[in-house]
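Trainee: Before anything else, here's the structure in question.
The values are calculated or read from the model by the stated rules, or taken from the named source; none is laboratory data. Quick caveat, the model's predicted, so the values are computed rather than measured. FYI the Cβ positions are ideal-geometry reconstructions off the backbone, even for glycines, and counts take in every protein chain you see. SASA here: full protein model, heavy atoms, side chains in, ligands and nucleic acids out. Shrake-Rupley method; radii C 1.70, N 1.55, O 1.52, S 1.80 Å.
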Amino acid sequence: MSANPHIGRQEYFPGIPKIAYEGAESDNPLAFKAYDAGRVVAGKTMEEHLRFAVCYWHSFCADGGDPFGPGTRKLPWKAKADPVAAAEDKLDAAFEFFTKLGVPFWCFHDRDLAPEGASVAESEKWLQHLVDLAGERQKSTGMKLLWGTANVFSHPRYMNGASTNPDFNVVTHAAAQVKAALDATVALGGRSYVFWGGREGYACLFNTDAKRELEHMGRFLGMARDYGRSIGFKGTFLIEPKPMEPMYHQYDVDAQTVAGFLREHGLAGDFKLNVEANHATLAGHSFAHELQMAADAGLLGSIDANRGNPQNGWDTDQFPTDLYDTVQAMLVVLADGGFKDGGLNFDAKVRRESTDGEDLFLAHIGGMDTFARGLLIAANILENSPLADFRKQRYASFDSGKGRDFEDGKLGLADLRDLAAAGGEPDKVSGKQEWVENLINDYIFRTK
């Protein structure tokens, strides 16, 4: 992988070197303290376990603007008036950042990579041009695409949804975008393709035929799957759950809702979940809960790594720095066998007050180190702690005898009643929650 992809082009992050691992004792803010890409943990390198990706949208499109004020970040790659020329500069800036940071993957929305044209054909032409350039950058730097997706939520035409829109003409435009984004993902060797149904939901139930909209969404996803397979896409299709915002009620509320939807519409064989930490908390769950529900359903595909602000009830998309969260997340990922096509994508943005070019590096370094520490601690817990044996013992009554008969479907409700009557009042058995939580803290402080 080239450390100097900007040679011959404008350098957008001057003075920033290739970020290196310097260890826990380093006081260099532009160095990794925990993420050592080649370090072997539980049979694989950190890079192979974590599969870090940088998102295109927050990192190179967002300028810090919010509903209360304009942007605060100066983005020099957006200086040109010609939208295609500006998109070319943005691509150069992105690949300079990717390679200096040293991540193996990146992710994009179609409209972030290339601007929308005056027609479907012009939009496709511009996207193809940027995809060709991105392919050249990937080849010269060794970067790979984790996943691609289509932004079918920002344009005003999608105000009532994309695949669930009550106007068929809007559905056709969404299909055109998804087709082009799938073409782009395949051309760039993407491992997965994501659907985020940001507008797939409703604001008012009085004017909504929810049953019909859900049927349309299932049909649309099936068509996208069939097209993707027809052009050689062998990766995983992903749905990203979120309960609300921008819609009042989004159909992809949480992991269990999406799992049921996929099964109902015959999509579970091709689709999995892209779980986002901030979306999990907006749904009233923990990040680890959503990961566990996806894993238990055999549907854990990838992760958008970020966090929310517990004082704010919206999607703040902050970089992940909560070690407890990353330990719990990696416990689930490791126990599930690790990522296949997915990885850890930093769907996060620097704060509005963070305006220096280096702040984007500092944010990603912090997130990568936090997940690297989470990986080390989780691997140590799984390999050396009594946690797994304790959890198994809690359910030992189902491993033999009548408990096993119950799990095997050999007993009826009347049989259970008779067993209760014969057995008398059960002994109380402690769940030892405090001991378990203390154990996790012990391993957090013990692991190097």
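Trainee: Please work out if residue 253 is surrounded by 17 or more Cβ atoms within 10 Å (Cβ to Cβ), within 30 Å of residue 134 (Cα to Cα) and among the β-branched types (Val, Ile, Thr).
Mentor: Details: surrounded by 17 or more Cβ atoms within 10 Å (Cβ to Cβ): yes; within 30 Å of residue 134 (Cα to Cα): no; among the β-branched types (Val, Ile, Thr): yes.
No, not satisfied.
Trainee: Looking at region 218-309, what helices (runs of 4 or more DSSP H) fall wholly within it and have at least 2 residues that are more than 19 Å from residue 198 (Cβ to Cβ)? Steps first, answer last, please.
Mentor: Details: elements: 255-264, 277-282, 287-296.
Ranges flagged: 255-264, 287-296.
Trainee: While we're looking at this one, here's another question. Is it the case, given these coordinates, that residue 160 is touching a residue at least 24 places away in the same chain (Cβ under 8 Å), part of a loop (DSSP other than H, G, I, E, B) and over 22 Å from the mean Cα position of the chain (by Cα)?
Mentor: Working: touching a residue at least 24 places away in the same chain (Cβ under 8 Å): yes; part of a loop (DSSP other than H, G, I, E, B): yes; over 22 Å from the mean Cα position of the chain (by Cα): yes.
Taking the combined requirement at face value, the residue satisfies it.
Trainee: If residue 185 satisfies every condition in (1) open to solvent by 30 Å² or more (accessible area, probe 1.4 Å); (2) polar (S, T, N, Q); (3) without any contact (Cβ under 8 Å) to a residue 60 or more places away in the chain; (4) part of a helix (DSSP H, G or I) but one, which is the exception?
Mentor: Evaluating residue 185 over (1) open to solvent by 30 Å² or more (accessible area, probe 1.4 Å); (2) polar (S, T, N, Q); (3) without any contact (Cβ under 8 Å) to a residue 60 or more places away in the chain; (4) part of a helix (DSSP H, G or I) leaves (1) as the failure.
Trainee: Go through region 204-235 and give me each residue that's open to solvent by 50 Å² or more (accessible area, probe 1.4 Å) and within 27 Å of the chain's Cα centre (by Cα).
Mentor: Residues satisfying the conditions are 214, 215, 216, 219, 223, 226, 227, 229, 230, 231, 234.
Trainee: Can you tell me which residue in region 193-209 is farthest from residue 158 (Cα to Cα), limited to those that are in contact with a Ser or Thr (Cβ under 8 Å, 6 or more places away or on another chain) and not in a loop (DSSP other than H, G, I, E, B)?
Mentor: 193
Trainee: Turning to a different aspect of this structure: Being in a helix (DSSP H, G or I), polar (S, T, N, Q) and over 21 Å from the mean Cα position of the chain (by Cα) is the filter here; which residues of region 357-404 pass it?
Mentor: The first filter runs over region 357-404 and keeps only residues in a helix (DSSP H, G or I), leaving 357-384, 387-394, 396-398, 401-404.
From the residues that got through so far, the ones that are polar (S, T, N, Q) too are 370, 380, 384, 393, 397.
Passing the criteria: 380, 384, 393, 397.
Trainee: Next question. If a residue must be farther than 24 Å from residue 361 by Cβ and without any contact (Cβ under 8 Å) to a residue 40 or more places away in the chain, how many such residues does region 87-131 contain?
Mentor: 9
Trainee: Right, next: For region 355-394, what are the residues that are of a type in the set (Ser, Thr, Tyr) and either within 30 Å of residue 427 (Cα to Cα) or open to solvent by less than 20 Å² (accessible area, probe 1.4 Å) (or both)? Can you show your working first?
Mentor: Step one: of region 355-394, the residues of a type in the set (Ser, Thr, Tyr) are 355, 370, 385.
Matches in region 355-394: 370, 385.
Trainee: Which one of 270, 296, 304 is at pLDDT 95 or above, within 16 Å of residue 238 (Cβ to Cβ) and open to solvent by 20 Å² or more (accessible area, probe 1.4 Å)? Spell out the reasoning first.
Mentor: Working: 296 fails: within 16 Å of residue 238 (Cβ to Cβ); 304 fails: open to solvent by 20 Å² or more (accessible area, probe 1.4 Å).
None of the other options fit; the residue is 270.
Trainee: Residues being open to solvent by less than 50 Å² (accessible area, probe 1.4 Å) and not in a helix (DSSP H, G or I): count how many of those fall in region 323-354.
Mentor: Qualifying residue count, region 323-354: 12.
Trainee: Taking into account only those residues within region 322-356 that are more than 16 Å from the chain's Cα centre (by Cα) and among the hydroxyl-bearing types (Ser, Thr, Tyr), which is nearest to residue 51 (Cα to Cα)?
Mentor: Ranking the candidates gives 324 first.
Trainee: Which members of region 25-66 meet the condition of being of a type in the set (Phe, Trp, Tyr) and in a helix (DSSP H, G or I)? Before you say what the answer is, go through the steps one by one.
Mentor: Going residue by residue through region 25-66, those that are of a type in the set (Phe, Trp, Tyr) are 32, 35, 52, 56-57, 60.
Listed by number, the residues that qualify are 56, 57, 60.
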